[in-house]
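Asker: Okay, here's the structure, questions in a sec.
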Amino acid sequence: MRGNGKMQHVYVTEYNPKWEEEFRKEAERIKKILGESCIGIYHIGSTSVPGLKAKPIIDIMPVVQYIADADEYRAEFEEIGYEYMGEFGIPGRRYLRKGGDERTHQVHIFEEKNERDIRRHLAARDFLRSHPDEAQAYGELKADLAEKYSHDIEGYCDGKDMFVKT
């Protein structure tokens, strides 16, 4: 159980080329909010890998000079539909989500000196982009897990954890 007490429905779909445009549109909105604090913004997660099956949730990673800068814009993020969740389990991150339990976007803001977490997200994306066979296998695993854990996001995440770490 997550969020407002309803269970999140877990489903995986075929890759949708519109995800890249969705990222670009939302990234522009986020850059306007963060202003000069934003020194980079990246499309991460499965929707950033062409051809990869994914939960249709756009993951966005803005990088800011100082993480405290992000906190100053909480109200502006809430005005465009985001829930501001704070660190939400990862020290030094600011996590925001849009759409509640049936979310459409997730934002993971990191401070530029947090190279470890930034590099980790980009490395996973770049590996899958450059290894289509691995991306295919990962997509199949995710589809199987989504069927098995259709109302258990934690079971779904646990199931793909070892693949991602490997």
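The values are calculated or read from the model by the stated rules, or taken from the named source; none is laboratory data. What you are looking at is a predicted structure, and each value in this text was computed from that prediction instead of being measured. With ideal geometry, Cβ positions are generated from the backbone for all residues, glycine too; neighbour counts draw on all protein chains shown. Areas reflect the complete protein model, heavy atoms only, side chains present, ligands, DNA and RNA absent. Shrake-Rupley method; radii C 1.70, N 1.55, O 1.52, S 1.80 Å.
Asker: Every residue in region 96-107 that is out of contact with any Asp or Glu (no Cβ under 7 Å at 6 or more places or on another chain) and either among the hydrophobic types (A, V, I, L, M, F, W, C) or at negative phi (or both), please.
Answerer: Answer for region 96-107, where residues must be out of contact with any Asp or Glu (no Cβ under 7 Å at 6 or more places or on another chain) and either among the hydrophobic types (A, V, I, L, M, F, W, C) or at negative phi (or both): 98, 101, 102, 103, 104, 107.
Asker: Within region 156-164, is even one residue in contact with a Phe, Trp or Tyr (Cβ under 7 Å, 6 or more places away or on another chain), assigned to a loop (DSSP other than H, G, I, E, B) and surrounded by 13 or more Cβ atoms within 10 Å (Cβ to Cβ)?
Answerer: No, region 156-164 contains no residue that is in contact with a Phe, Trp or Tyr (Cβ under 7 Å, 6 or more places away or on another chain), assigned to a loop (DSSP other than H, G, I, E, B) and surrounded by 13 or more Cβ atoms within 10 Å (Cβ to Cβ).
Asker: If you go through region 86-124 one residue at a time, how many are of a type in the set (A, V, I, L, M, F, W, C) and in a helix (DSSP H, G or I)?
Answerer: Summing the residues that are of a type in the set (A, V, I, L, M, F, W, C) and in a helix (DSSP H, G or I) in region 86-124 gives 4.
This table checks each residue for (1) within 12 Å of the chain's Cα centre (by Cα); (2) modelled with pLDDT of 95 or more.
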| position | (1), (2) |
| --- | --- |
| 47 | yes, yes |
| 56 | yes, yes |
| 67 | no, yes |
| 73 | no, yes |
| 77 | no, yes |
| 99 | no, no |
| 112 | no, yes |
| 119 | no, yes |
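Asker: So, in region 100-129, how many residues would count as being of a type in the set (Gly, Ala, Ser) and either open to solvent by 80 Å² or more (accessible area, probe 1.4 Å) or within 21 Å of residue 13 (Cα to Cα) (or both)?
Answerer: Residues meeting the conditions: 2.
Asker: While we're here: Within region 57-99, which residues are small (Gly, Ala, Ser) and open to solvent by less than 50 Å² (accessible area, probe 1.4 Å)?
Answerer: Matches in region 57-99: 70, 81, 86, 92, 99.
Asker: Okay, next question. When you scan region 13-44, how many residues do you find that are aromatic (Phe, Trp, Tyr) and open to solvent by 40 Å² or more (accessible area, probe 1.4 Å)?
Answerer: Qualifying residue count for the region: 2.
Asker: Quick one: in region 133-148, of everything that is within 13 Å of residue 51 (Cα to Cα) and out of contact with any helix residue (DSSP H, G or I) (no Cβ under 7 Å at 6 or more places or on another chain), which residue is least open to solvent (accessible area, probe 1.4 Å)?
Answerer: Result: 139.
Asker: Still on this model: Give me the pairs, please: first residue somewhere in region 123-140 and touching a residue at least 40 places away in the same chain (Cβ under 8 Å) and within 12 Å of residue 44 (Cα to Cα), second residue anywhere and of a type in the set (S, T, N, Q) and surrounded by 13 or more Cβ atoms within 10 Å (Cβ to Cβ), beta-carbon distance under 8 Å, and either six or more positions apart or on two chains.
Answerer: What qualifies is 125/48; 128/46; 129/48.
Asker: List every residue pair whose Cβ atoms lie under 7 Å apart, where the two residues are 6 or more positions apart in sequence or sit on different chains, the first residue falls within region 26-42 and is farther than 13 Å from residue 76 by Cβ, and the second residue, located anywhere, is basic (Lys, Arg).
Answerer: 41/31
Asker: Sticking with this one: Is it true that some residue in region 45-54 is open to solvent by 50 Å² or more (accessible area, probe 1.4 Å) and either at negative phi or of a type outside the set (Asp, Glu) (or both)?
Answerer: Scanning region 45-54 turns up at least one residue that is open to solvent by 50 Å² or more (accessible area, probe 1.4 Å) and either at negative phi or of a type outside the set (Asp, Glu) (or both).
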